[in-house]
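Since the structure comes first, as structure tokens, the remarks are kept for the end.
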Amino acid sequence: MKIKAYAKINLTLDVTGKRADGYHLLQMVMQTIDLADDVSVELAGEGIALTCNLPYVPVTEKNIAYRAAVRFLEATGIHSGVRIHLEKRIPVAAGLAGGSTDAGAVLTALNGLTGHPLTQEKLLELGLSLGADVPFTMTGGTALCEGVGEIITPLPDFCNHWVLLVKPPFGVSTRQVFTDFRLDRVRRHPATQAVQAAIAADDLAGVARHLGNVLENVTLTRHPLLRNLKTELIRRGALGSLMSGSGPTVFGLFDSEAAARDAYVWFHGKYPETFLVQTLGRQAVAKG
């Protein structure tokens, strides 16, 4: 079974508190984009075997897709070998949920291959045990995600809008960013409700105007280049620009394909991991 594992961007990312167990409480407006890995899964042989087209991606239990297969087999009691191949296009450690979406695809594929032993609710619960972004990647589209990622409220589709992604030549550790994050130092929180209202009106300019991510306080301070990239995206026609997730990818929202393509040519000449994409609705994500 082959599944498209779509990347995401954050239109907003806010931290609202911290649980007793140390997990941060989040409020995020998440959006699926049409940049995707191809995840192939089959039941065969014994044990779990993972392969990938990129030599630097781990193919052991260090990979979240591998761990997803382990968790699924443990949860269902199914005894079978699993073969997984990742054909990766989403940059690694980029703030685009590249690993999370692969894990979600593995869970979805295994559930389908084994006759749906787990309900969707249980599958999402299993996804959350692997990572905060995994449940959203399994539902997709446009959504408000709260708690530690497990409370997903679907929003009206905000699809077919042009987005330019620019990932500089380095990665960022999400764990380290959250370790360094200080809620008491945040002076401005994202206008989450304003973004939701703009999405409901399919108002691209309104969404662009209210983009916000409190984790920029950490990552942009550590990597000033990202501020320059955001400024350059605006200079080259983006209506608004933001860092996605914990970074380092920044993106710009564009109101025309022509403007987005012009900006793509300029950025791609300097940053090879530049991608011109569109936002996707839930139905497109479900079709894979």
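All of the numbers you see were taken from the coordinates with simple rules; none came from a lab. Note that the structure is predicted; figures quoted are calculated from it, not measured. Ideal geometry is used to build each Cβ from the backbone, glycine not excepted, and the neighbour counts take in all protein chains shown.
Quick notes on this one:
- Exposed trypsin sites (Lys or Arg not before Pro) absent: longest stretch of the chain, with sites in DSSP loops and at most 12 other Cβ within 10 Å deemed exposed: 63-181
- Cα-based Rg of region 162-283 normalised by 2.2 N^0.38 Å, two decimals: 1.07
- Region 44-88: GluC sites (Glu not before Pro) falling in loop per DSSP and having at most 12 other Cβ within 10 Å: Glu46, Glu61
- Per residue, the convex hull around the alpha carbon atoms of region 1-51 comes to 130 Å³.
- Neighbourhood net charge (11 Å Cβ-Cβ; Lys/Arg +1, Asp/Glu -1) for Ala284: +1
- Only one residue of His268, His24, Ser244 has its Cα farthest out toward the positive end of the dipole of the chain, where Lys and Arg carry +1 and Asp and Glu -1 on Cβ, and that residue is His268.
- Rounded to 10°, Cα long-axis angle of helix 225-235 versus longest principal axis of the chain: 60 degrees
- Amide H partners (placed H, <5 Å) of Thr16, local residues excluded: Leu25, Leu26, Gln27
- Within the straight-line cut-off of under 16 Å between alpha carbons, the aspartates and glutamates reachable from Lys122 are Glu74, Asp133, Glu150, sequence neighbours fewer than 8 places apart in one chain being disregarded.
- Gain on full stretching of the segment that runs from Tyr23 to Ala197 - 0.36 nm per residue minus C-alpha separation: 59.8 nm
- Inter-part distance where region 84-155 and region 178-228 are each reduced to a Cα centre, Å: 23 Å
- Each other residue within a Cβ distance under 10 Å of Asn53 adds +1 if Lys or Arg and -1 if Asp or Glu, for a net charge of -1.
- Cleavage-rule hits (chymotrypsin sites (Phe, Trp or Tyr not before Pro)) in region 1-100: DSSP loop, at most 11 neighbouring Cβ within 10 angstrom: Tyr56
- At R0 = 25 Å, FRET efficiency that the Cβ-Cβ distance of Arg175 and Lys2 yields, to 0.05: 0.25
- What the Cβ-Cβ distance of Glu125 and Ala49 gives, at R0 = 30 Å and to the nearest 0.05, is a FRET efficiency of 0.70.
- The alpha-carbon of Lys167 sits under 18 angstrom from the alpha-carbons of these lysines, leaving out residues fewer than 8 places away in its chain: Lys8, Lys88, Lys230, Lys270.
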